[in-house]
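Shown next, in structure tokens, is the structure this report addresses.
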Amino acid sequence: MSQQDDELLLVITSWQLGSLVFLLYEIIITFDDEVNLIWSRPNTCWVKWIFLFIRYFALAAQLANRSIESAIRSNLYLNNELLRDWFSCQVIVATILMVAVELVLMARVYALYKKSVCIGGILLVLLLGEVLTVLIGVAMTAPGKNFEVKNILANSPSSYTSFGIAAAISQFTILVLTLVKYRTAVKGGWGNAPIMLVMVRDGIVAFVILLVVTMMTIIATMLPNEYAPVGNSWFLSIVACAGSRLIINMQNLPTHFYSDAQFA
């Protein structure tokens, strides 16, 4: 590679490592909350397991990606077909993580609507539609036999576009349902209830964060951009941090607030 390519690769690598450090830092500063609020929950509590999954699945994916990239830069022998499959699976990894976070958001909305069958059906359709869209996108854009190892270092799977659009639709619907319920709560005189305020605040913040990182991933994928892989690495870290914070904030509420919402 030329000196310019080496310098570009160094910049990309630094930003990717930065995303890993960011995730590790988030884990460290919230580890007390994890121990006190999550580990102490009974094993039958689904929130406990989805929290651990969101946080450590993202960490495992980050470590795997950084290890593979390091091996490529070191010119170690790696099976080209396996690398091609791993490249395509990056979108599936991102989808799994995003769906886990969306399940938390959807559970909150479902609880707010008192387990309405209609709302549950809408959320289920959104979730299945998102997964199906991603699978179709991955199948249609899978790299062919001309795939080169360097693509992992300089490109992102084009199926990120279909994933981003489907995820944005789900997130927007979740936000609208939350705000509609909040309006009803305000009219009913319970809009200032702690659980309502936390759900609205976190719902809006999560929507903005997830939408921004999703749109950035789409743009980086669609436009010719050498820094596209950086978006993927930061996507994993930011989504994992947002999902973990959502659960921690809810668990910080007194038990009588969130138990009524069937979130615990």
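Just so it is clear, none of the values below were taken in a lab; they were calculated from the coordinates. Remember, it's a predicted structure, so these values are computed and weren't measured experimentally. Please note: Cβ atoms are built from the backbone with ideal geometry, for glycine as well, and neighbour counts cover all protein chains shown.
Taking Cα atoms, how many degrees apart are the long axis of helix 117-141 and the longest axis of the chain, rounded to 10 and kept between 0 and 90? Computed tilt is about 0 degrees. Over the C-alpha atoms of the range 104-152, the Rg to Rh ratio, Rh being the Kirkwood estimate, stands at 1.32. The range 95-119 and the range 31-80 have their alpha-carbon centroids 22 Å apart.
Quote the charge dipole size of the chain about the Cα centre in Debye, to the nearest 20; the model charges only the Cβ of Lys and Arg (+1) and of Asp and Glu (-1).
The calculated dipole for the chain is roughly 980 debye.
The calculated Kirkwood hydrodynamic radius for the chain is 19.6 Å, given to one decimal from all distinct C-alpha pairs. For residue 10 and residue 89, FRET efficiency with R0 = 25 Å and r from the beta-carbon atoms, rounded to 0.05? Result of the calculation: an efficiency of 0.45.
Relative to the longest principal axis of the C-alpha atoms of the chain, give the angle of the C-alpha long axis of helix 194-222, reported between 0 and 90° and rounded to the nearest 10°. On a 0 to 90 degree scale, this one is about 20. Relative to the dominant Cα principal axis of the chain, helix 228-251 is inclined by about 20°. In terms of its Cα atoms, the range 80-227 spans 62, 29, 19 Å along the principal axes, sorted from long to short.
Stretching residue 82 away from residue 219 to a fully extended chain increases their span by 46.6 nm, per 0.36 nm per residue minus the current alpha-carbon distance. Between residue 128 and residue 39, full extension at 0.36 nm per residue minus the direct alpha carbon distance yields a gain of 29.0 nm.
Label positions at residue 52 and residue 141, each projected 7 Å from the Cα along the C-beta direction, are separated by 3.4 nm. Here is the list for the range 77-130: chymotrypsin sites (Phe, Trp or Tyr not before Pro) lying in DSSP coil, each with at most 15 other C-beta atoms within 10 angstrom of its C-beta, are 77. Using the rule -39500 (n - 2.57) for each DSSP H run of four or more residues, divided by the residues of the chain, the 222 nm mean residue ellipticity is -27000 deg cm²/dmol.
Here the simple spin-label model places points 7 Å from the Cα toward Cβ, and for residue 249 and residue 165 these points are separated by 3.0 nm.
Just subtract the alpha-carbon distance of residue 212 and residue 29 from 0.36 nm times their residue separation and send over the number in nm, one decimal.
Values: separation 183, 0.36 × 183 = 65.88 nm, distance 2.38 nm.
The span from residue 212 to residue 29 would gain 63.5 nm if fully extended.
Each residue, residue 21 and residue 183, gets one label point 7 Å from its Cα in the Cβ direction; the gap between the two is 4.6 nm. Toward the positive end of the charge dipole of the chain, with +1 on the Cβ of Lys and Arg and -1 on the Cβ of Asp and Glu, the farthest Cα among 67, 188, 177 is that of 188.
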